[in-house]
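**Student:** Following this message is one structure expressed as structure tokens.
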Amino acid sequence: MINGQACGAVSGFRYGICPMSFNGCEVIAVHNALAWLGRPQKLADIAFRMERFRVLMGFFGCNAYKIGRALSYFGAENVRSRETEGKSAYIVVFWTKRPFLSSIHTVFCVRTDSGTEVYNSSNGCTEMKIYKDIRQYIGKRKPIAVYSVKATPHKDCTSSA
């Protein structure tokens, strides 16, 4: 799992025209979801796939409404909605302050008995954070998009049908 997109080696990787420390949260959220599902992929492969969804040459990151396509491409079953309720694992996209006047941030979350685990909660936070619920983390802001992901059995590529 990747936490703290402005820390370590990941901060210097490129997505579009910028380093991932600036605009890579969507790519990192997809990476973390795939890792949690047991389907890890190279970060470079995910970024390459998501390049087709970048906004303004990647300056504004990835189109929030196309994240599900990247998840599906890597075999992750997902459903897009605008609510986090009833979802055990999901990617959430939200405005960091005022809609259209601030940046967006995208994180991967897992609901557990101890609360909601948030991965890559901020640029400088190198650990997963646990919040009572997603509202404690994003406040009263409504999510732009939510992608629920669920673990599904892996298809064995070596077996004959």
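**Student:** Quick one: order 108, 48 by neighbouring beta-carbon count within 10 Å, fewest to most.
**Tutor:** 48, 108
**Student:** Given contacts defined as C-alpha pairs under 8 Å and at least six residues apart, what's the relative contact order of the chain, whole-number percent?
**Tutor:** RCO, the chain: 27 percent.
**Student:** For the chain, with a Gaussian network of springs between Cα atoms less than 10 Å apart, report the residue from 21, 114, 81 with the top mean-square fluctuation.
**Tutor:** Its mean-square fluctuation being the largest, the pick is 114.
**Student:** Here's another thing I want to ask about it. Give, rounded to the nearest 20 debye, the magnitude of the charge dipole that the stretch 10-120 has about its Cα centre when Lys and Arg contribute +1 at Cβ and Asp and Glu contribute -1 at Cβ.
**Tutor:** 360 debye
**Student:** Using a 7 Å offset from the Cα along the Cα-to-Cβ direction at both residue 13 and residue 35, what is the distance between the two label points in nm, to one decimal?
**Tutor:** The two pseudo-label positions are separated by 0.9 nm.
**Student:** How far apart, in nm, are the 7 Å Cα→Cβ label points at residue 150 and residue 49?
**Tutor:** Placing both labels 7 Å beyond Cα along the Cβ direction yields 2.0 nm.
Rule-based calculations on the coordinates, nothing more; no lab input. Everything numeric here is computed off the predicted structure, so don't read it as measured data. Here Cβ is always computed from backbone atoms with ideal geometry, including for glycine, and neighbour counts include all displayed protein chains.
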